[in-house]
Amino acid sequence: MALGSLFGVACQRSSADIRSFPDPAVDLKIAADAGPQKIVLAGGCFWCTEGVFRNIPGVTEVVSGYAGGAKETANYEAVCGGDTGHAEAIQITFDPAKVTYGHLLKAFFAVAHDPTTLNRQGNDAGTQYRSAIFFANDDQKKVAEAYIKQLDEAKVFHDPIVTTLEPLKEFYQAEAYHQNYVELHPGQPYIISAALPKIEKAKKFVAESEKNPTTVPATQP
């Protein structure tokens with residue numbers, strides 16, 4: 001995150017109520033015994049998004065890193081320049097027997113970030129803070145496209161969603177000091193102002209989800 005936003009609310013998001021988010025009408029049907037699956041998402045500072053998804057049941061691992069650019073520029077100093085093509089991203093590993101791909105997208109839009117601000121999250125500005133879904137295959141892309149359309153048509157947000165859908169070429173793990181940052185630095189001012197409120201929203205999201213469990217709909221990509 002930009003140093004200038006250290007004491008700002010850099011991970012703000014739209015005020016849309018988490019209860020207003022529908023379950024995806026289109027989702028991936030993955031066999032429960034298929035083994036661990038992965039999804040790569042970008043939504044502003046990876047400290048915040050990583051912290052959110054570490055609180056979602058069915059998620060077994062979250063790694064902060066970079067996606068969208070070349071290996072040579074996959075480092076924090078270069079990415080902060082804003083001209084590498086990279087976004088600060090997270091790689092989520094999940095158990096398809098416990099959570100669906102679509103439900104993770106729901107958490108992404110409902111809790112993790114504001115998908116209506118172009119190349120910006122709060123005071124963090126630049127393409128490295130863009131909202132993006134890095135799809136690994138056509139089915140992931142179709143589910144993401146369908147859910148964005150569903151949210152826009154339902155007018156969950158006041159403004160259109162600007163999330164980009166980008167093919168995942170490679171995910172590069174970030175430096176060790178960025179990993180699990182929220183848990184290791186709970187008293188850091190940026191974490192207090194930006195990440196911890198999101199984690200509280202994540203807990204509310206989980207509570208609401210437990211009241212109304214997500215099921216994989218009949219419609220598949």
>> Give me, ordered by chain and number, the residues 5 or more places off His86 or on other chains with an amide H under 5 Å from its own placed amide H.
In response: Gly69
>> Per residue, how much accessible surface does the stretch 19-175 expose to a 1.4 Å probe? Answer in Å², no decimals.
In response: 41
> Sorted by accessible area (1.4 Å probe), largest first, how do Glu61, Glu210 line up?
Replying inline: Glu210, Glu61
> In degrees, nearest 10, range 0 to 90: what is the angle between the Cα axis of helix 196-211 and the longest Cα principal axis of the chain?
Replying inline: 10
> Can you give me the relative contact order of the chain as a percent, contacts being Cα pairs under 8 Å and 6 or more apart?
Replying inline: 34
> To the nearest 10 degrees, how steep is helix 138-154 against the longest Cα principal axis of the chain, on a 0 to 90 scale?
Replying inline: 90
> Which order do Ser20, Ser131 take when ranked by solvent-accessible area (1.4 Å probe, heavy atoms of all protein chains), largest first?
Replying inline: Ser20, Ser131
> Can you pull the Kirkwood radius for the stretch 76-203, inverse mean 1/r over Cα pairs, to one decimal in Å?
Replying inline: 16.1
> At what distance in nm do the modelled label points of Ala176 and Ala32 sit from each other, each positioned 7 Å from its Cα along Cα→Cβ?
Replying inline: 3.9
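Calculate for the chain the 222 nm mean residue ellipticity that helices alone would give, adding -39,500 (n - 2.57) per DSSP H run of length 4 or more and normalising by residue count, nearest 500 deg cm²/dmol.
-7500 deg cm²/dmol
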> Roughly how many percent of the accessible protein surface of the chain is carbon and sulfur, given a 1.4 Å probe and a whole-percent answer?
Replying inline: 52
> Between Glu145 and Thr219, what length comes free when the chain is fully extended (0.36 nm per residue of separation minus the Cα-Cα distance, one decimal in nm)?
Replying inline: 25.3 nm
> Using a simple charge model, +1 on the beta-carbon of Lys and Arg, -1 on the beta-carbon of Asp and Glu, nothing else, what dipole does the stretch 27-150 show about its Cα centre, in debye to the nearest 20?
Replying inline: 300
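The values are calculated or read from the model by the stated rules, or taken from the named source; none is laboratory data. Source: prediction; values computed, not measured. Positions of Cβ are generated from backbone atoms using ideal geometry, with glycine treated the same way; all protein chains shown enter the neighbour counts. Quick note on the areas: whole protein, heavy atoms, side chains included, nothing else; ligands and nucleic acids left out. Shrake-Rupley method; radii C 1.70, N 1.55, O 1.52, S 1.80 Å.
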